[in-house]
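What follows is one structure encoded as structure tokens, with my remarks underneath.
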Amino acid sequence: MTAVEFGLLGAIEARVDGHQVDLGHARQRHVLAALLVDADRLVPITDLAARIWGDRTPHSGLTPLYGYLSRLRQALAPAEQSVRIVRQPGGYMAAVNPATVDLHSFRQLMARARTTDEPTGAIGLFNEALELWRGEPFSGVDNPWFNTQRAALLRERESAEIDLRDLKLRCGLHAEVLTEVTGAFEADPMNERVAGQLMLALYRQGRPAEALTCYDRVRARLAEELGVPPSPQLQRLHLRILEADPDLLVTSRPAVPEQQTSTQARAWSAPASLPAKVPDFTGRLTEIATLIKHLTGDWGSMSPVTTIVGMGGIGKTALSVHVAHHAAASYPDGQLWANLQGANANPAKPADVLARFLRALGVPERAIPADPDERVETYRTLVNGRKILVLLDDAASEEQVRPLLPGTPTCAVVVTSRARLIGLEGAHRVDLDVFAADEAVDLLTQIVGEDRVTRELFAASEIVTLCGGLPLAVRIAGARLAARPAWSLAHLASMLGDERRRLDQLSAGDLAVRASLALSYRGLDDQPRRLFRLLGLFSAPDFPPWLASVVLERPIDEATECAEALVDAQLLTTSGTDAAGQYRYRFHDLVRLFAAERAAEEETGESRARALEQGLGGWLSLAHRMSASVPGPCFAPISSPAPRPRMDHVLRDFRPEWAADWFDAERGALLAAVRQACRLRLADLAFDLAACMEKYFDVRGMYTDWITLNTEVLVLCRECGNALGEAVMLRGLIDVTTWAAERTEGDAMARQYAEATRLKEMFTELGLPQGSADAALMCSWSLTANGAYPDAITMADEALELATRAGHLGGQARAELSLALAHFENRDVMVAIGHANNALDRARELGNARCYATALQFAGIGHHALGHFDTSKQMLDESLAISRSYRDNYTEVLTLLALARLYFRVGDEAARPTAETAVALSREYNMSHHLAEALEILGSIEVAAGNPAKAVPHLEESVALWRTRGWHSFHAIALTSLGKAYADSDPEAARRAFRSAHDLFVQVGNLDQAAEVARLAER
């Protein structure tokens, strides 16, 4: 197998069979290092991005990261049997033996050195570990995550050097130690352990006066800077030097003597205080594997402290007890457990917990020191060198935990907490999320019984969904069903379906979700508690930090501190950086219900209404700003009088071209906001916010969302008598159902004409000429499709006049495009190109990329008709580049269609793949008009290539689609091509197609084409 080595303790490097690998530029090397720090472990994609960019993720999103990962795979390909960068659900992993990474090898050697009983061997292991260092870890990298890792590693190295000097002193190598420790003491003169080593080395070298001077320096520095005396251990060493204690010259035991207490002579009492196993424990397989590996020493980066954090009811205690029982055999000297009651009003005091631990370790009551610091010393002395597992459940804070840490690497500590405990240095954290659906059903099955769950599997799935996957909630639901054999699972699911009473139903015996959440809620300060209540009023699945600011009506920094307090209390979670570069907060469903309950109980009706007005209005304000920069259809922006706060301070540096990214980030929240506004009967806000999303829906091809949302809001506006909202919603619905919906009945263009005529009347009654212009343009397109070109031109001229009068620049551009289309269909190509050029000028002035790309497309089609092929291709290529840069599939496909026709005419082989791409995109985004034209082009290409049999299915489908579209000229062209495809194989079918095409060409006034297909029909 290929030998691979990775270096992080210095410059980031990789070697394969001794040869250095070119890892690419700096950011790419950083990605590899970020994965190797957690070698052979999954790194969530959001965490990986944060490690590389911190809070400055590129606005291009994660695309650069995927590129780095791909190139790293290529660079490491020669060693793929030894190392692979693996994509797994949720993230990436460097699949490699940790021992091949110098950082992990260093830690493995350290762990072995600290647990070996043979001092000389331990010294060799320490030296081997320290020789791996080539300089500062991650040399040359300067970002927050790497800087934090570097600082921690430097502390580990310092600890290793101190431990090594202790061993050398123990083995009588004081002269060697003196050389090393002198510099260390000068660099860190308040490190009492280093000072003790220097004092002992000086004393053994026959220089007691200098040893005492060293002590005086430390004492003076501690008093001056910290106001504290030296530690009891250093004071005892000082006293023994003053007394010239001969035992200090003995080198057969540890160099710095431990406190001599009666505990050393006491017989060892191995504690076994773990709670009983959880009999129906299920799930958490990944977390169990990770924890077991840490606790049994399988990881080179083994940390003596592991924290399990998560919200109340997430199953922290059950997991910790389950894992502790599995790992107990690896800790033959015992297991200690304590409930620290961190979520209660009065958490356990560390001194009281230490007293319990000392009693469990065999210390008589009268021998337990009264002083808390002495209890810590006695505890750590007793467990020093022992293999003990310490389980600390429900910790309140780092301050509560630190005195309970053994201080020796032979012991392991598992801490559970609702707080994140980020201040515990070097701790390995396991964040618990809710159960996946299958895990939750498994737990329900364990409690209720397999037969009942199997009989009602759908109801079981519904129950765990309504429980939000929260293990406590699932356990309570199961307990209620187990206690009531007559209940069906569907019955409980029905009761849980009522949001107002769901928390009431999730209570059984001394278990209650509400009570668990209340513990966290009561521990909050007043302002975070109020923010919790107000945020619970919103239905959004997640939200950015500004929402906290607008509902509290406080500066964003202050409001964010309150939100972070909720995160620390596990009442909110953060869900990474969104597409707009904002980080987001999220409620668990049951937590949100509890927050809403608290708001109903503790907030006035006025304050609840004010918070909703501010929050929903905030989304509306930002949506208006962003919608103006989304390159969608140029409808006139028509606003409601719905209130909205000032949001100028939010996303101040956000560039207009990123507006669609903002909608990507906020899509779920905006949909929820519109629907919540509908439930609250806030018609103005609902239609205004829905209208702001129309351009985004169009550009992203989210036509189903568009239709569904506008329909819901339309119903509300009609019920409330909101004529303005009704008209605005109808405008969007007519557009999307005409061009992008899968409606097979009737004639789409005739239906659009009827609906748009009524819409024009509605906007006229409302006195909104800009809206009337939009409706008139819909009528013009329909008339063109029907072959009524003079009427279409008249209607487009009226729309242009209305748009000009209203200052509706987008309407002016679209009117010019409508005029271009009508004249082109009427074979007035030069006039059509003139209107297309006018549209280009208006679109350029408007700054709408969709409109500009469409105008380029129309002009390109006109130049194609005139035989200006190079000019046509140049315009169409530019149009395609614009639409693709904005992921505007609708405009992209229309341009591909124009390019496919151009390629076909000039005999370019690109015609077929271009048409095939247009077909694929049209099917994917359900664009029936585009699909009908794309199939006709593809069929015509097959006919020209001598493959009529392949052409027929394409052309039959195209003709069928055109029947529902009602665009007669396109329908006639497709029928003509179908007739040519059938000409040899089925002459009668060919004649039928030609006759139908003839009638349509006559209807639209294209008599030349009508005569041509008539001749074809007579062959």
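The values are calculated or read from the model by the stated rules, or taken from the named source; none is laboratory data. Quick caveat: nothing in here was measured; it's all calculated off a predicted structure. Heads up, the Cβs are rebuilt from the backbone with ideal geometry, glycines too, and the neighbour counts pull from every protein chain shown.
Test residue 103 against the stated conditions and say whether it is more than 15 Å from the chain's Cα centre (by Cα), crowded, with 20+ Cβ neighbours inside 10 Å and either modelled with pLDDT of 85 or more or assigned to a loop (DSSP other than H, G, I, E, B) (or both). So residue 103 passes the test.
Candidates 954, 998, 929: the one that is in contact (Cβ under 8 Å) with a residue 40 or more places away in the chain and either surrounded by 22 or more Cβ atoms within 10 Å (Cβ to Cβ) or outside any loop (DSSP other than H, G, I, E, B) (or both) is 929.
Kindly indicate whether residue 114 is at pLDDT below 85 and charged (D, E, K, R). Taking the combined requirement at face value, the residue satisfies it.
Of all the criteria given as (1) part of a helix (DSSP H, G or I); (2) out of contact with any Asp or Glu (no Cβ under 6 Å at 6 or more places or on another chain), the one not satisfied by residue 446 is (2). Criterion applied to 937, 941, 973, 861 was being among the β-branched types (Val, Ile, Thr) and not assigned by TED's automatic domain parsing to the domain that holds residue 1005, and the one residue passing it is 861. Selection of helices (runs of 4 or more DSSP H) fully inside segment 769-883 by the criterion of at least 2 residues being over 27 Å from residue 750 (Cα atoms) returns 789-806, 829-846, 849-866.
Mind checking whether some residue in segment 319-342 is crowded, with 18+ Cβ neighbours inside 10 Å, outside the structural domain of residue 506 (by TED's automatic domain parsing) and touching a His at 6+ places or on another chain (Cβ under 8 Å)? Checking segment 319-342: not a single residue is crowded, with 18+ Cβ neighbours inside 10 Å, outside the structural domain of residue 506 (by TED's automatic domain parsing) and touching a His at 6+ places or on another chain (Cβ under 8 Å).
Might you check whether a residue that is in contact with a strand residue (DSSP E or B) (Cβ under 9 Å, 6 or more places away or on another chain) and either assigned by TED's automatic domain parsing to the domain that holds residue 55 or not in a helix (DSSP H, G or I) (or both) occurs anywhere in segment 159-168? Within segment 159-168 (the criterion being in contact with a strand residue (DSSP E or B) (Cβ under 9 Å, 6 or more places away or on another chain) and either assigned by TED's automatic domain parsing to the domain that holds residue 55 or not in a helix (DSSP H, G or I) (or both)), the answer is no, since none of the residues qualifies.
Condition test on residue 610, is it charged (D, E, K, R) and in a helix (DSSP H, G or I)?
yes
Selection of segment 129-158 for residues being surrounded by fewer than 16 Cβ atoms within 10 Å (Cβ to Cβ), assigned to a helix (DSSP H, G or I), over 29 Å from the mean Cα position of the chain (by Cα) and touching a residue at least 40 places away in the same chain (Cβ under 8 Å) yields only 155.
In segment 591-621, the residue that is nearest to residue 686 (Cα to Cα) out of those that are hydrophobic (A, V, I, L, M, F, W, C) and without any contact (Cβ under 8 Å) to a residue 60 or more places away in the chain is 609.
Selection over segment 352-377 of residues that are among the small types (Gly, Ala, Ser), in contact (Cβ under 8 Å) with a residue 24 or more places away in the chain and either assigned to a loop (DSSP other than H, G, I, E, B) or farther than 19 Å from residue 337 by Cα (or both) gives a count of 2. Going residue by residue through segment 550-569, is there one that turns out to be charged (D, E, K, R), part of a helix (DSSP H, G or I) and either farther than 24 Å from residue 649 by Cα or touching a residue at least 60 places away in the same chain (Cβ under 8 Å) (or both)? Yes, segment 550-569 contains at least one residue that is charged (D, E, K, R), part of a helix (DSSP H, G or I) and either farther than 24 Å from residue 649 by Cα or touching a residue at least 60 places away in the same chain (Cβ under 8 Å) (or both).
Of 1000, 961, 1016, 978, all but one fail to be touching a helix residue (DSSP H, G or I) at 6+ places or on another chain (Cβ under 7 Å), at pLDDT below 90 and not assigned by TED's automatic domain parsing to the domain that holds residue 787; the exception is 1016.
Quick test of your reading of the structure: residue 389 fulfils all but one of (1) at pLDDT 85 or above; (2) more than 27 Å from residue 570 (Cα to Cα). Name the failing condition by number. Every listed condition holds for residue 389 apart from (2). Count of segment 222-240 residues, restricted to those that are more than 18 Å from residue 185 (Cβ to Cβ) and surrounded by 14 or more Cβ atoms within 10 Å (Cβ to Cβ), is 2. Just one of (1) over 49 Å from the mean Cα position of the chain (by Cα); (2) in a helix (DSSP H, G or I) fails for residue 963. It is (1).
Let's see how each residue does on (1) of a type in the set (D, E, K, R); (2) modelled with pLDDT under 90:
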| position | (1), (2) |
| --- | --- |
| 503 | no, yes |
| 511 | no, yes |
| 518 | no, yes |
| 527 | no, no |
| 532 | no, no |
| 557 | yes, yes |
| 569 | no, yes |
| 573 | no, yes |
